[in-house]
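J.: Sharing a structure here in structure tokens format.
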Amino acid sequence: MPFNLPRVTKALLIANGVGFLLQWLLGNQRLVALMLWPWGDVDFDPAGMAPAFMPWQLLSYSFLHGGFMHLAFNMLALAMFGAPLEYTWGERRFLTYYLVCVAGAGVCQLLVGSYALAQGADPYPTIGASGGVFGLLLAYGMLFPHQRVMLLFPPIPMKARTLVIVYGLFELGVGITGLQPGVAHFAHLGGMLFGWLLIRHWRGQPPFGGRGGRGGPKMRIVR
């Protein structure tokens with residue numbers, strides 16, 4: 001499978017692997033400036049004692065992960081959903097979509113983290129490619145809605161469109177209730193939201209255009 005992946009998907013997998021290797025070799029403390037930190041009343045300290053938000057973090061945070069299983073699940077999803085999307089869209093459009101989802105997820109998490117900081121919470125970083133991966137999941141469900149996919153836990157087959165709805169509702173529920181702390185649920189939702197908006201922009205659909213279908217790229221729908 002790795003040898004059959006398209007170029008951008010394969011490059012993203014390698015980049016994430018390199019990021020994780022750097023974490024292992026250098027330690028997270030040396031890479032705090034690459035993690036996504038909330039926007040608040042803290043001074044940036046290269047030593048990592050008082051980190052703060054910097055613009056490059058909206059992309060760099062996605063190439064770091066909290067552990068091997070975090071990396072493995074994200075890369076599995078990137079390969080599964082990213083490859084067919086890249087074959088459908090082409091390299092440039094696929095990369096644009098992925099990075100927009102990553103940055104959009106970062107913006108949403110930035111807002112949530114900054115609000116928590118303003119309420120007196122301690123600053124905490126966000127890392128991982130999950131925001132981009134959830135954007136890919138959303139796109140896969142929109143382009144291949146009737147394609148059957150298999151959950152890992154539990155192993156239940158379902159249509160891609162159903163999977164997107166289930167994951168979206170789950171992330172919204174646990175994000176609002178706080179039942180699963182330590183996971184950036186609103187970043188996941190942000191990746192899906194920005195992905196949905198970008199696809200509608202490409203299609204010329206509201207809120208970006210009229211009735212859609214004109215001026216946007218042709219998308220092959222597989223049922």
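The values are calculated or read from the model by the stated rules, or taken from the named source; none is laboratory data. Since the structure is predicted, the reported quantities are computational estimates derived from the model, not experimental observations. Don't worry about glycine lacking a Cβ; one is built from the backbone with ideal geometry, like all the others, and counts go over all protein chains shown.
J.: What is the residue count in segment 166-223 for residues that are of a type in the set (A, V, I, L, M), modelled with pLDDT of 70 or more and farther than 20 Å from HIS65 by Cβ? Steps first, please.
T.: Let us first name the residues in segment 166-223 that are of a type in the set (A, V, I, L, M), namely 166, 169, 172, 174, 176, 179, 183-184, 187, 189, 192-193, 197-199, 219, 221-222.
Right, trim to modelled with pLDDT of 70 or more and you get 166, 169, 172, 184, 187, 189, 192-193, 197-199.
Filter again for farther than 20 Å from HIS65 by Cβ, leaving 166, 169, 172, 193, 197-199.
Within segment 166-223, residues that are of a type in the set (A, V, I, L, M), modelled with pLDDT of 70 or more and farther than 20 Å from HIS65 by Cβ number 7.
J.: Within segment 118-126, does at least one residue satisfy the condition of being at pLDDT below 95, assigned to a helix (DSSP H, G or I) and surrounded by fewer than 22 Cβ atoms within 10 Å (Cβ to Cβ)? If you could, list the steps in order and put the result at the bottom.
T.: Within segment 118-126, the subset at pLDDT below 95 is 118-126.
Then drop every residue that is not assigned to a helix (DSSP H, G or I), which leaves 118.
Then drop every residue that is not surrounded by fewer than 22 Cβ atoms within 10 Å (Cβ to Cβ), which leaves 118.
Yes; the residues of segment 118-126 include at least one that is at pLDDT below 95, assigned to a helix (DSSP H, G or I) and surrounded by fewer than 22 Cβ atoms within 10 Å (Cβ to Cβ).
J.: List the pairs whose first member sits in segment 50-77 and is over 21 Å from LEU138 (Cα atoms), whose second member is β-branched (Val, Ile, Thr), and whose Cβ atoms are under 7 Å apart, counting only residues at least 6 apart or on separate chains?
T.: That search, which allows pairs on different chains as well, returns ALA50/VAL42; PRO51/VAL32; ALA52/VAL42; LEU64/ILE127; HIS65/ILE127; GLY66/ILE127.
J.: If the requirement is being in contact with a helix residue (DSSP H, G or I) (Cβ under 6 Å, 6 or more places away or on another chain) and either at pLDDT 95 or above or part of a helix (DSSP H, G or I) (or both), which of these qualifies: LEU76, LEU95? Give the derivation first.
T.: On the way: LEU76 fails: in contact with a helix residue (DSSP H, G or I) (Cβ under 6 Å, 6 or more places away or on another chain).
Answer to the selection: LEU95.
J.: Then there is this: Need the failing condition index for HIS70 against (1) under 14 Å from THR126 (Cα atoms); (2) touching a Lys or Arg at 6+ places or on another chain (Cβ under 6 Å), just the number.
T.: (2)
J.: In segment 87-101, what count of residues is obtained for those that are more than 13 Å from GLY132 (Cβ to Cβ) and either among the aromatic types (Phe, Trp, Tyr) or buried (at least 17 other Cβ atoms within 10 Å of the Cβ) (or both)? Working first, answer last.
T.: To start, the set of residues in segment 87-101 that are more than 13 Å from GLY132 (Cβ to Cβ) comprises 87-93.
Then keep just the ones that are either among the aromatic types (Phe, Trp, Tyr) or buried (at least 17 other Cβ atoms within 10 Å of the Cβ) (or both); that gives 87-89, 93.
Residues in segment 87-101 being more than 13 Å from GLY132 (Cβ to Cβ) and either among the aromatic types (Phe, Trp, Tyr) or buried (at least 17 other Cβ atoms within 10 Å of the Cβ) (or both): 4 in total.
J.: Before we move on, is VAL107 under 14 Å from the mean Cα position of the chain (by Cα), under 18 Å from VAL8 (Cα atoms) and surrounded by fewer than 20 Cβ atoms within 10 Å (Cβ to Cβ)? Before you say what the answer is, go through the steps one by one.
T.: Values: under 14 Å from the mean Cα position of the chain (by Cα): yes; under 18 Å from VAL8 (Cα atoms): no; surrounded by fewer than 20 Cβ atoms within 10 Å (Cβ to Cβ): yes.
Judged against the criteria, VAL107 is not a match.
J.: Return the residue satisfying two criteria in turn: it lies in segment 151-165 and is in contact with a Pro (Cβ under 9 Å, 6 or more places away or on another chain) and within 26 Å of LEU64 (Cα to Cα), and of such residues it is modelled with the highest pLDDT.
T.: Among them, the one singled out is VAL164.
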